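The structure appears below as structure tokens.
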Amino acid sequence: LAPLLGLLPCPPTRWDALGELTPAAPRDFLAVVTAPPSLSPTAEREWLERNREWLMDELGEHGALHFKGFRLPATSAGLRDFCSALPLVPCADPLASVGVRSLLSAPDGVYEAVNAESLSKTFIGLHNDVTYKLAAPFAAFACFQPAELGGGDFLLADGRAVLATLPAGVLATLRERLLSVRVAS
């Protein structure tokens, strides 16, 4: 399916790197990155390229970045340009065969979120879209058009903070069973 879309498949999920399943120390999960004032989209891209190492370090430290005030990712092509200024390479949705997300722009690797009036009151709870075979190591989200019928909220959860809420016995059982948690889109 991926070659038909012009996108590479997502990389294989790494199951060989067993890390310790432990809750994280308290920290800010979502780091806010505000656009420097008065930059054109071209200058924004240049700023991202100059700061990519710092931005990726921030992503690794916090787990999520919220970019505010940037104009470049206002379209599918702009989002692709924004992401390519960082080392984020688009790949085909490993769940494309399920048909939950439609491809908004194949050349840009941009998928549309679930967008149906019939689902407007549906709450999609805590999950990750791991397929156990392929998983995007990072995901980027942009809102091109606010929800007209209400909803449209996008929730992020820090998996390490979720682990911290588990009773010690449950966490011990998960460790004994060698539960492995992987990043996925």
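The values are calculated or read from the model by the stated rules, or taken from the named source; none is laboratory data. This is a predicted model, so every value here is computed, not measured. Every residue, glycine as well, gets a Cβ built from its backbone with ideal geometry; the counts of neighbours run over all protein chains shown.
A few comments on the model shown:
- Test: residue in the range 165-173 that is modelled with pLDDT under 80 and of a type outside the set (Phe, Trp, Tyr): no
- Every residue from the range 71-129 that is of a type in the set (Phe, Trp, Tyr) and either at pLDDT 85 or above or more than 16 Å from the chain's Cα centre (by Cα) (or both): PHE82, PHE123
- Looking only at residues of the range 135-162 that are in contact with a helix residue (DSSP H, G or I) (Cβ under 9 Å, 6 or more places away or on another chain) and modelled with pLDDT under 75, we find that the one that is surrounded by the fewest Cβ atoms within 10 Å (Cβ to Cβ) is LEU149.
- In the range 38-97, residue farthest from PHE141 (Cα to Cα) [restricted to those that are touching a strand residue (DSSP E or B) at 6+ places or on another chain (Cβ under 6 Å) and loosely packed, with under 14 Cβ neighbours inside 10 Å]: GLY69
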